[in-house]
Structure formats: C-alpha cells, structure tokens
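The values are calculated or read from the model by the stated rules, or taken from the named source; none is laboratory data. Predicted model only: the values in this text are computed from it and were never measured. Note: ideal-geometry Cβ built from the backbone for every residue, glycine included; neighbour counts use all protein chains shown.
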Amino acid sequence: MVSGPRLAVAALLLAAPAAAQQASIKSAAWIGGCWRLEAKGRVVDEQWMAPAGDVMLGMARTVRDGRLDEYELTLLRQVDGRLDYEAHPVRQPTAVFSSTWVSDTLLIFENPRHDFPKLVAYQKRGADSLIARVAGGNQPSDRAILYPYRRVPCGNAR
C-alpha cells in the first residue's frame, strides 16, 4: 500500500500535465543548497549551486558505513524554454531527462528511452525539506526510490 510521502508525490506526479511549459533555470532555484538523508547506516548528501549562466550544478554522494558507495554529478540546464537534467552517475553513462513540469514546489524530468530511472522528480515539502524521487515511470505501481531530504548547512559542518 502506498502511504505518506510516497502517496503525496505519486498524486502530484499523476496530476502533472504531459507537456512541459516554458521554464527558466530561476524556477528551480528553490532546490539550491545542501540536503541530507540519513538512514540505516547510509548518508546521502546532495548539493545544488545557485543558478548562474542558465545552469545549476549539483552533486550527490552516498556514504554507507563510513565508506563511499556512489556519487553523481548533475547539470540542470535551461534549453529552448525547458530544463534539462543531465546526470553523470559513477560507473554509468550520462543520461539526460527533459522537464515535463516546473513550478516553485515541483520539478519533474523524464526520459522514456532510459532504462532506469525514466523519471526524476523533486518536491518541496516546506522550507527545510524536499523529496527526491527516481522512478521507472509516473504510475504509483512503477518501481520508485524516494529520498526524503532535510536541509543542512553547506560546508564542512557535520
């Protein structure tokens, strides 16, 4: 059964229109800053630089039991009235996802030709939390991984 944050994200994703509207990189500025998820011996940190030059640069790192498990570099780019999410995950080829929804609380990027994920989404959940979702599609039954992040100070503070 789907409940809690998963249900809220699924409902928003199903309500989003299929066609992307005109988008500016400034529309995504709310994901800027540093975010963290801590669960079961795993710490996931994701950081986004503020918009500049029609791009935002992001990076993520997963540390499991004190050791680097994986990382990803990301470029969020304004292209022809849409946003492209260009992911550079470790040990995998680059993948580009185009925006299908951009608002001040929800970003959805899709690439139906990609294996997994086909969808990447960020949903703002108040000033200091957001949920990132990677999924095999936009149906609640599609395989999905949720990252319930909380805002943390950027830098070396721990």
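What about GLY137, is it closer than 22 Å to ALA23 by Cα and modelled with pLDDT under 95? So GLY137 fits the description; yes. Residues that are of a type in the set (Val, Ile, Thr) and assigned to a strand (DSSP E or B) were ranked within region 80-122; the one that is nearest to SER24 (Cα to Cα) is VAL102. Residues in region 27-53 that are in a helix (DSSP H, G or I) and aliphatic (A, V, I, L, M) were compared, and the one that is surrounded by the fewest Cβ atoms within 10 Å (Cβ to Cβ) is ALA29. Here are some residues: ARG125, ARG143, ARG151. Which one is closer than 15 Å to VAL44 by Cα and in contact (Cβ under 8 Å) with a residue 24 or more places away in the chain? The match here is ARG151.
Annotation note: of VAL96, VAL102, the sole residue that is β-branched (Val, Ile, Thr), more than 17 Å from PRO51 (Cβ to Cβ) and at pLDDT 95 or above is VAL96.
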